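The values are calculated or read from the model by the stated rules, or taken from the named source; none is laboratory data. What you are looking at is a predicted structure, and each value in this text was computed from that prediction instead of being measured. Because the Cβ atoms are built from the backbone with ideal geometry, glycine has one as well, and the counts that use them run over all protein chains shown. Just the protein is used for accessible areas: all its heavy atoms, side chains included, with ligands, DNA and RNA removed. Shrake-Rupley method; radii C 1.70, N 1.55, O 1.52, S 1.80 Å.
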Amino acid sequence: MKTRKIDPQAKMDRVVEIARRLFVEKGYHNVSIPQIVKASGVSTGAIYHHFSNKESLASYIHEQTLGEFNQLLSARLVGTSSVYQRLRAFAQLVLDIAENDSVMMEYMLFMKHTEFMSESHPICFSEPFRWVQETIREGMEKGELKQGDVMVAGASFTGVVLRVIEVYLAGVLEVSLQEAAEETIANAWSAIKA
């Protein structure tokens, strides 16, 4: 008789992937644990073994998504030294995620986390976007970037990139994000360079 090997981590990874997709597609308040059970094929008991309720699952997904993004960004920053290279690496990563994992990008862009996670800050105040602001502050101090408000400059740089992504996700952009990457990054950089 064969014994079935159950990988609990693979189950939870599936739950997280499915729940994030459902939250993006339907909105957090319109998704129930039974819907996640049905879509993931993971039992209610297994989900509640790891998460006390839907809110704790949502909190885990939020932290996991930001953690994944930060790991990807750290890997992209290896070998970069200038402000331009670091901001370019950030922009290219965001474009790559949008093209290759649109659910992750839509989750980061469109989920209203504060509606269901009272301790959560909007994504624009999360670690990756604070990192952009600090990088821009460094560029201003070095004279590489226009002097001004760091928050406004950060919004100007990321706004160009994120708007192109929104247009792509809406199906309006007629080229891939990879084809649009050079022009997008050049436009984002020109919004802040000295």
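Quick rundown of the values:
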| item | result |
| --- | --- |
| Debye equation applied to the C-alpha atoms of region 62-192, log10 I(q)/I(0) at 0.10 Å⁻¹ | -0.31 |
| Carbon/sulfur fraction of accessible area - the chain, other protein chains in place, 1.4 Å, % | 52 percent |
| Loop sites in region 134-189: trypsin sites (Lys or Arg not before Pro), DSSP, at most 11 other Cβ within 10 Å | K142 |
| Accessible surface of V172 - all protein chains present, 1.4 Å probe, nearest 10 Å² | 90 Å² |
| Backbone N within region 83-99 under 19 Å of label point (7 Å from V167 Cα along the Cβ vector) | 91-99 |
| Tilt relative to the chain, helix 54-77 - C-alpha long axis, 0 to 90 degrees, to 10 | 40 degrees |
